[in-house]
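Have a look at the structure below, then the notes.
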Amino acid sequence: MTAAPTPADLTAVFAATLVDEWARAGVTEAVVAPGSRSAPLALALARDPRVRVQVVIDERSAAFLALGMSRATGRPTVVCCTSGSAGAHFHPAVIEADLSGVPLLVCTANRPPELLDTGAGQTIDQHHLFGRSVRWFTAPGPPEAIPDANGVWRSIAARAVAETMGPPAGPVHLDLAFREPLVAFEAPEVVPGRSGGAPWTRTDRPQRRLDDDTAGALAAQLRDVERGLVVAGWGAGVSPETASALAAALGWPLLADPISGLREGPHAISTYDALLRVDAFANRQRPDLVLRVGAPLTSKVATAWLDATVEQLVVDPDSRWLDPHRAARRRLVVDAQPLLADLVARWQGPDRESAWLTAWRDAEIAARRAVDASLDADDVPFDARVARDVYTAVPEGGALLVASSMPVRDLEWFAAPRSGLHVYANRGANGIDGLVSTTLGIAAARSGPVVGLLGDIAWLHDSNGLLAAARLAGAGVSAIFVVLDNNGGGIFHFLPAGRTTELDELFVAPQTVDPLALAAAHGIQGRRVARASELGPAIRETLGEGGIRVLVVPTDRRTNVERHEVLWTAVEAAIS
């Protein structure tokens with residue numbers, strides 16, 4: 001007669017079953033924020049050789065590290081913590097995962113029901129802790145010896161992974177209650193799952209496509225328009241080859257934010273923000289039709305120019321309604337890649353050339369020359385030049401994480417078209433939190449060089465993310481941080497707050513922490529780059545050294561607005 005499992009064994013089997021099922025579904029990465037109540041799950045993750053575990057003591061940083069891993073792999077990363085306020089620190093990353101469509105498997109440990117609302121330590125109300133920001137929430141209760149427990153537990157685990165993948169992809173929250181004793185010191189015997197390593201429940205997702213007649217009518221509508229634009233923002237969901245092929249077939253310019261991953265090819269117009277600041281050009285080049293994939297462009301100038309008077313078709317596969325100006329006349333709730341590929345396949349003639357396309361290309365050439373000449377006019381580091389040069393310096397096959405605030409704007413405004421670079425940004429919520437950890441997560445989950453471009457405030461805001469740096473470097477992870485040190489939040493000089501007498505006190509918030517000293521405190525080597533022309537070579541040299549490194553570039557936020565105005569004036573003169 002088989003002895004009944006002890007409570008500790010039952011808990012261990014439950015946790016190991018979840019992890020086994022996640023691994024069967026393709027989960028390979030996990031981040032653990034240490035704590036006692038989550039010990040059963042942490043041990044199960046660590047004991048499964050298919051899952052690589054990172055340990056981060058700060059829960060907010062742990063969640064953003066996991067977010068970065070999921071961004072890099074496209075698969076859910078497990079992030080787990082103990083009970084109480086620990087899970088609340090996951091919330092910013094959960095929000096970002098929700099709004100930017102990143103799969104994330106969030107596991108909070110909890111006390112069993114009999115200890116809730118009793119004053120027991122480390123207990124808060126964790127039921128639906130993240131509200132509507134998750135794709136699915138479940139609290140299966142403490143593990144019990146119920147009939148067909150193996151099937152029940154595996155079904156929960158399989159559904160959790162499936163829900164993270166959407167559509168739309170996003171976070172899932174499992175609130176896992178564990179009774180003491182929490183630790184079984186021998187590895188549990190897990191009841192096998194499906195044969196052949198298959199997940200308990202496989203989820204097949206249909207491809208969302210237009211029917212043949214509707215697709216044909218759409219293709220005819222686009223072909224009939226000469227003055228059109230293809231516009232791409234983050235989350236475009238299209239390969240660069242397909243986007244370029246469609247722009248070529250239609251003879252339309254491609255206005256692509258670098259974070260869309262589509263700013264490449266002969267139809268890419270990289271200087272659209274500067275061009276559209278020239279009223280004569282903006283008025284002359286108003287399009288008759290726009291096809292947009294992904295979110296709106298970062299540029300406020302461009303999004304204001306593309307107002308409701310312009311007919312716009314927005315590809316919106318996840319029905320996110322990414323249309324803050326309410327300008328779209330038609331939403332195409334279909335997957336972008338097959339839609340654009342189908343439109344290209346329906347084009348029978350040669351790639352179209354037109355006076356419309358020529359005007360945009362000529363303006364791009366003139367503006368590009370003016371921008372580069374102005375940026376290279378002196379060797380004093382300047383935020384816009386740093387963004388352009390970092391984007392250029394990352395080697396083929398590398399990745400760049402660009403911070404919100406000024407870096408993402410300068411990248412959009414001044415980066416020239418290029419291929420072979422993966423650009424990431426936390427633009428779902430547009431916050432600056434967690435950017436150090438997100439960069440490290442991307443580096444931990446992918447091969448090839450990784451660079452994070454951050455301002456000094458973002459660097460300081462996620463300084464706890466550096467706590468993981470030594471462990472990651474020891475595991476062979478390499479990344480470079482380029483930190484723009486302008487002593488505060490430079491973007492506020494561009495905003496209405498920049499005209500207030502309380503600018504520094506309330507908004508810019510100058511800091512006295514030396515970014516290099518902070519890095520050194522965490523065992524991270526770095527140096528200052530005093531001349532603009534030295535940055536590109538410094539990036540390439542530092543990438544060759546391996547490990548986690550930081551390059552600090554001092555800039556002057558007080559002259560930043562004026563230097564941007566010089567760039568825009570140069571473009572206006574070049575195209576007049």
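The values are calculated or read from the model by the stated rules, or taken from the named source; none is laboratory data. Quantities reported herein were computed from a predicted structural model and do not represent experimental measurements. With ideal geometry, Cβ positions are generated from the backbone for all residues, glycine too; neighbour counts draw on all protein chains shown.
Of (1) modelled with pLDDT under 90; (2) of a type in the set (D, E, K, R); (3) over 27 Å from Gly465 (Cα atoms); (4) surrounded by 16 or more Cβ atoms within 10 Å (Cβ to Cβ), Arg557 satisfies all except one. Which?
Unmet for Arg557, out of (1) modelled with pLDDT under 90; (2) of a type in the set (D, E, K, R); (3) over 27 Å from Gly465 (Cα atoms); (4) surrounded by 16 or more Cβ atoms within 10 Å (Cβ to Cβ): (3).
Considering only residues of the range 26-38 that are surrounded by fewer than 23 Cβ atoms within 10 Å (Cβ to Cβ) and in contact (Cβ under 8 Å) with a residue 60 or more places away in the chain, which is nearest to Glu186 (Cα to Cα)?
Taking the candidates together, the pick is Ser36.
State which residue is nearest to the chain's Cα centre (by Cα) when the search covers only the range 307-328 and only residues that are hydrophobic (A, V, I, L, M, F, W, C) and within 19 Å of Asn430 (Cβ to Cβ).
Taking the candidates together, the pick is Leu322.
Every residue in the range 245-254 that is surrounded by fewer than 22 Cβ atoms within 10 Å (Cβ to Cβ) and either under 25 Å from Ser404 (Cα atoms) or not hydrophobic (A, V, I, L, M, F, W, C) (or both), please.
Once the filter is applied, which keeps residues that are surrounded by fewer than 22 Cβ atoms within 10 Å (Cβ to Cβ) and either under 25 Å from Ser404 (Cα atoms) or not hydrophobic (A, V, I, L, M, F, W, C) (or both), the range 245-254 yields only Gly251.
Does Leu275 count as farther than 19 Å from Glu241 by Cα and in contact with a strand residue (DSSP E or B) (Cβ under 9 Å, 6 or more places away or on another chain)?
Considered against the rule, which asks whether it is farther than 19 Å from Glu241 by Cα and in contact with a strand residue (DSSP E or B) (Cβ under 9 Å, 6 or more places away or on another chain), Leu275 comes out as no.
Cβ-Cβ distance below 7 Å, separation of 6 or more or different chains: which pairs start in the range 204-217 with a residue that is closer than 16 Å to Asp316 by Cβ and end on one that is part of a loop (DSSP other than H, G, I, E, B) and not hydrophobic (A, V, I, L, M, F, W, C)?
Gln207/Asp335; Arg208/Pro317; Arg208/Asp335; Arg209/Asp335
Scan Leu276, Leu254, Leu357 and give me the residue that is at pLDDT 95 or above, hydrophobic (A, V, I, L, M, F, W, C), under 26 Å from Gly420 (Cβ atoms) and in contact with a helix residue (DSSP H, G or I) (Cβ under 6 Å, 6 or more places away or on another chain).
Every option except Leu254 fails the conditions.
Within the range 182-234, restricting attention to residues that are more than 24 Å from Pro147 (Cα to Cα) and of a type in the set (S, T, N, Q), which residue is surrounded by the most Cβ atoms within 10 Å (Cβ to Cβ)?
Gln221
Of all residues being of a type in the set (Asp, Glu) and assigned to a helix (DSSP H, G or I) in the range 207-225, which is nearest to the chain's Cα centre (by Cα)? Just the residue, please.
Among residues in the range 207-225 that are of a type in the set (Asp, Glu) and assigned to a helix (DSSP H, G or I), the one nearest to the chain's Cα centre (by Cα) is Asp212.
Would you check if there is a residue in the range 45-53 being under 26 Å from the mean Cα position of the chain (by Cα), farther than 21 Å from Ser478 by Cα and of a type outside the set (Phe, Trp, Tyr)?
Checking the range 45-53: at least one residue is under 26 Å from the mean Cα position of the chain (by Cα), farther than 21 Å from Ser478 by Cα and of a type outside the set (Phe, Trp, Tyr).
What residue, among those in the range 255-267 that are under 16 Å from Gly294 (Cα atoms) and buried (at least 24 other Cβ atoms within 10 Å of the Cβ), is nearest to the chain's Cα centre (by Cα)?
Only one residue fits best here, namely Ile259.
Scan Arg227, Arg223 and give me the residue that is within 30 Å of Thr358 (Cβ to Cβ), modelled with pLDDT under 95 and touching a helix residue (DSSP H, G or I) at 6+ places or on another chain (Cβ under 9 Å). Don't jump to the end; show me each part of the working.
On the way: Arg227 fails: modelled with pLDDT under 95.
That would be Arg223, the only listed residue that is within 30 Å of Thr358 (Cβ to Cβ), modelled with pLDDT under 95 and touching a helix residue (DSSP H, G or I) at 6+ places or on another chain (Cβ under 9 Å).
If I filter the range 112-139 down to residues being modelled with pLDDT of 95 or more and closer than 21 Å to Phe14 by Cα, which single residue comes out as nearest to the chain's Cα centre (by Cα)?
Only one residue tops the list, namely Trp136.
For residues in the range 226-249 being over 18 Å from Arg361 (Cβ atoms) and among the β-branched types (Val, Ile, Thr), which is farthest from the chain's Cα centre (by Cα)?
Of everything passing the filter in the range 226-249, Thr242 is farthest from the chain's Cα centre (by Cα).
If I go through the range 49-87 residue by residue, how many of them are at positive phi and assigned to a helix (DSSP H, G or I)?
1
If I go through the range 515-559 residue by residue, how many of them are within 27 Å of the chain's Cα centre (by Cα) and among the acidic types (Asp, Glu)?
Selection size over the range 515-559: 2.
So the check is Cβ under 6 Å with 6+ separation or different chains; which pairs have a first residue in the range 274-291 that's closer than 23 Å to Leu375 by Cα and a second one that's modelled with pLDDT of 95 or more and in a loop (DSSP other than H, G, I, E, B)?
No pair meets every condition.
Listed here are the residues, each with its yes/no results for (1) in the same structural domain as Ala247 (by TED's automatic domain parsing); (2) touching a Phe, Trp or Tyr at 6+ places or on another chain (Cβ under 7 Å).
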site	(1), (2)
Arg346	yes, no
Arg352	yes, no
Arg368	no, no
Val386	no, no
Pro395	no, no
Leu400	no, yes
Ser404	no, no
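Filter the range 294-341 down to the residues that are acidic (Asp, Glu) and over 28 Å from Glu163 (Cα atoms) and list them by number. Outline the logic, then answer.
Step one: filter the range 294-341 for residues acidic (Asp, Glu), giving 307, 311, 316, 318, 323, 335.
If the condition is that a residue be acidic (Asp, Glu) and over 28 Å from Glu163 (Cα atoms), then Asp307, Glu311 are the ones that fit.
Which ones in the range 432-463 are closer than 11 Å to Leu67 by Cα and among the basic types (Lys, Arg)?
Passing the criteria: none in range.
In the range 470-485, how many are farther than 11 Å from Gly68 by Cβ and crowded, with 24+ Cβ neighbours inside 10 Å?
Result for the range 470-485: 5.
Please work out which residue is nearest to Thr123 (Cα to Cα), limiting yourself to the range 28-39 and to residues that are in contact with a strand residue (DSSP E or B) (Cβ under 6 Å, 6 or more places away or on another chain) and outside any loop (DSSP other than H, G, I, E, B).
Among those that are in contact with a strand residue (DSSP E or B) (Cβ under 6 Å, 6 or more places away or on another chain) and outside any loop (DSSP other than H, G, I, E, B), it is Val32.
Which ones in the range 345-389 are more than 30 Å from Ala219 (Cα to Cα) and touching a Gly at 6+ places or on another chain (Cβ under 8 Å)? First the steps, then the outcome.
Keep residues of the range 345-389 that are more than 30 Å from Ala219 (Cα to Cα), which gives 366-389.
Those that are more than 30 Å from Ala219 (Cα to Cα) and touching a Gly at 6+ places or on another chain (Cβ under 8 Å): Asp383, Asp389.
Hey, could you check the range 106-143 for residues that are part of a loop (DSSP other than H, G, I, E, B) and of a type in the set (A, V, I, L, M) and say which is farthest from Leu18 (Cα to Cα)?
Selected residue: Ala120.
Which of the residues spanning the range 397-413 are in contact with an Asp or Glu (Cβ under 6 Å, 6 or more places away or on another chain) and either at pLDDT 95 or above or of a type in the set (Phe, Trp, Tyr) (or both)?
Result: Glu412, Trp413.
Looking for whichever is in the same structural domain as Phe178 (by TED's automatic domain parsing), at pLDDT 95 or above and either surrounded by fewer than 17 Cβ atoms within 10 Å (Cβ to Cβ) or part of a strand (DSSP E or B) (or both) here; the options are Ala46, Ala15, Ala42. Which one fits?
From the options Ala46, Ala15, Ala42, the qualifying one is Ala46.
Is it fair to say Val102 is in contact with a helix residue (DSSP H, G or I) (Cβ under 6 Å, 6 or more places away or on another chain), assigned to a helix (DSSP H, G or I) and under 22 Å from Asp318 (Cα atoms)?
No.
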